[in-house]
Amino acid sequence: MLNRRTLRIKVMQALYAYHQAVGSDYLLALDRIAEAFVPDLNAPEAQDRKLLQGQRKLAEVIFREWHKTGEQPEPTDDADMNDAVKEAIKFYQVAVAKDKTYYGGQLIYAAESIHNQYLHLLNIPETLLQVIEEERVRDSRRYTAAKEPLLDASRLLENQAIEKLINNLQLQDLTIRRAQKWHGEDELEALRTAWRSEMKQDPELLSYLAAPAGNYQEDQEILKHLYKNYVFKGTSLPAYIEEDDLNWEENRAVVKNLVVKTVKMLDEAADETLVLMSLSANWPEDKEFAESLYQQTLAEDAKYEQLIAESTQNWDVERVALTDKILLKMALCEMHLFRAIPVKVTINEYIEISKMYSTPKSKQFVNGILDKLAQDLTASGAIRKSGRGLLDNQ
């Protein structure tokens, strides 16, 4: 199931994308100032290009100063320049606000899409049976004349565990509502290739097909085997899924856990009313955690930037890798905002994430900064924990 570390990673990615977008917004705002002072070639009288260039440069200086300090610039005697700066500031503020909302929404979409991928993969067996039946009909015509033996896949076509999965009422409902059927030509081709090039040569599957039907446990085990070896491993299907889902590499473990647990739940006693796996044990609470962490990290960005700068006196904070800076700010936000999460848990989580997503030396850097800040902020009372959050904080 979805865990808090995965959510923290989604928040980190959303914040990284947001900061990249804000950097582009800044450059676009400067471009708008430059455009305001481009010579008008259709003007009745020739314009003073040096004057326009001077206006542009001064307007850019004023905008950069506003961006750095946040203080409203004093108007100059040049109305054109005032208008250009004002328009650039307005453009930048609107664009940043949109980006904040957009990437916050993308964060939740990225998390919830994990459950959609889970449902999507649960629909593979039904489509696989269709592929097998299509091939059986086609090959029976082709090989009849040649009198070559055909692979008898009837036991897989009659697999009771697959039948239970296909007939699950919740899967049928969610598949329709979220459009998670396997029907695209690329999807079908990936499945056909996996069947012809990989599954049909699998000794374990061939042994299963050759054995007498009627053993439910064997039906369940071969379904588990197909998922583990040809959906989450193998060549054709994993390649297609990875190409289709840019976050597959990091989502794979969560989706695999959900699928494997579902197959295990399909025992002989299960019926069509079996409840499928949820995204998390308490998605509304986890969703609130992710949204709050994203929103509050941005709201306190300047405060956390200052704290980091004070803890890196021998290092220019501007030179700190953006990923490291985001992780540090998220950790500080989590320490302040979520009183029930122990400080050590927070620090360990962000150290682990830094190992996966940042530079080789980030682990030591993040650990050192967070450990020092946590001690100082706890001693000053800025970080206050309660309940489970008090564990290991002595």
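The values are calculated or read from the model by the stated rules, or taken from the named source; none is laboratory data. If you're wondering where the values come from, they're calculated on a predicted model, not measured in any experiment. Every residue, glycine among them, receives a Cβ derived from its backbone with ideal geometry; neighbour counts consider all protein chains shown. These area figures cover heavy atoms from the full protein model, side chains too; ligands, DNA and RNA do not enter into them. Shrake-Rupley method; radii C 1.70, N 1.55, O 1.52, S 1.80 Å.
Things to note:
- Taken over the range 243-255, the criterion of being charged (D, E, K, R) and open to solvent by less than 70 Å² (accessible area, probe 1.4 Å) is satisfied by D245, E250, R252.
- Y118 being among the hydroxyl-bearing types (S, T, Y), open to solvent by 20 Å² or more (accessible area, probe 1.4 Å), at pLDDT 95 or above and within 30 Å of N247 (Cα to Cα): no
- Qualifying position, being closer than 22 Å to T175 by Cα and either of a type in the set (S, T, N, Q) or part of a loop (DSSP other than H, G, I, E, B) (or both), among L226, L258, L274: L274
- Residue satisfying condition, being surrounded by 15 or more Cβ atoms within 10 Å (Cβ to Cβ), hydroxyl-bearing (S, T, Y) and farther than 22 Å from R155 by Cβ, within set Y240, Y227: Y240
- Hey, W182 open to solvent by less than 30 Å² (accessible area, probe 1.4 Å), under 24 Å from R138 (Cβ atoms), part of a loop (DSSP other than H, G, I, E, B) and not β-branched (V, I, T) or not: yes
- Selection status of L279, surrounded by fewer than 14 Cβ atoms within 10 Å (Cβ to Cβ) and touching a His at 6+ places or on another chain (Cβ under 7 Å): no
- Tally, over the range 44-79, of residues that are under 38 Å from the mean Cα position of the chain (by Cα) and open to solvent by 60 Å² or more (accessible area, probe 1.4 Å): 8
- Failed condition for E268, given (1) within 28 Å of L206 (Cα to Cα); (2) touching a helix residue (DSSP H, G or I) at 6+ places or on another chain (Cβ under 7 Å); (3) in a helix (DSSP H, G or I); (4) of a type in the set (D, E): (3)
- From the list I108, I89, the one residue that fits, being in contact with a His (Cβ under 9 Å, 6 or more places away or on another chain), aliphatic (A, V, I, L, M) and touching a residue at least 24 places away in the same chain (Cβ under 8 Å), is I89.
- Within the range 145-166, residues that are closer than 16 Å to E135 by Cβ have Cβ atoms under 6 Å from residues that are surrounded by fewer than 17 Cβ atoms within 10 Å (Cβ to Cβ) and at pLDDT below 85 in these pairs: L150/D139; L150/Y143, counting only partners at least 6 apart in sequence or on another chain.
- Residue among I383, I347, I369, I353 that alone is over 22 Å from the mean Cα position of the chain (by Cα), open to solvent by less than 50 Å² (accessible area, probe 1.4 Å), under 23 Å from A14 (Cβ atoms) and at pLDDT 90 or above: I369
- Residue check, T127 part of a helix (DSSP H, G or I) and touching a His at 6+ places or on another chain (Cβ under 9 Å): yes
- Y304 fulfils the conditions (1) buried (at least 19 other Cβ atoms within 10 Å of the Cβ); (2) hydroxyl-bearing (S, T, Y); (3) in contact (Cβ under 8 Å) with a residue 40 or more places away in the chain; (4) within 30 Å of V345 (Cβ to Cβ) except for a single criterion, (3).
- Just one of the numbered conditions (1) over 30 Å from Y230 (Cα atoms); (2) open to solvent by 80 Å² or more (accessible area, probe 1.4 Å) is not true of Y109: (1).
- Residue in the range 89-96 that is of a type in the set (V, I, T), touching a Ser or Thr at 6+ places or on another chain (Cβ under 9 Å), in a helix (DSSP H, G or I) and at pLDDT 95 or above present: no
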